[in-house]
Every structure is written in structure tokens, then in C-alpha cells.
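The values are calculated or read from the model by the stated rules, or taken from the named source; none is laboratory data. Note that the structure is predicted; figures quoted are calculated from it, not measured.
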Amino acid sequence: MTEIIGIALIVVLIVVASVVYLFVYYFRYRWQLRDVEQENRRLLDQVMMLERENDLLRRTHPRRDAPLRIGSWEG
């Protein structure tokens, strides 16, 4: 009888430890995913800012070696 209770306790401890491990693994994954999403948003904002700056520079400072456009004010 004591052996059956001992084996049952070991099985219960293994199951509880497995469940705790899975919860820790899942929440650690969620935290890493959240950090990656924040970094992606920050980088996307930076790319958008650089694209706006690039568009502004192209409008205000056209390239000298660029072909002239027919009917444009540049040529």
C-alpha cells in the first residue's frame, strides 16, 4: 500500500513539474515575442521617417545626373 502511494506521489510530482515548466516556457516565449514586436514597431517607425526624409530630399534636391523630364520645371 505504501509503495502505491509513493509511486502515485512521484507521478503527481512529475506531472506538476511538467505543467509548471510548460507555463514558464510559454510565458517566457510570450515576453520575447512582445519584445520583438516592440522592436519591429520601432524599426518600422524609423524606416517611415527615413522614407519621408528621402522623399523630401528628392523633391528639394534633384540629382544632377538624373535625366530631365519633359515638361518639368527642372529642365
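Can we say Ile14 is aliphatic (A, V, I, L, M) and at pLDDT 95 or above? Before you say what the answer is, go through the steps one by one.
Numbers: aliphatic (A, V, I, L, M): yes; at pLDDT 95 or above: yes.
Yes, satisfied.
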Check your understanding: Out of Glu53, Glu74, which single residue is modelled with pLDDT under 95 and part of a helix (DSSP H, G or I)?
Key -> Glu53
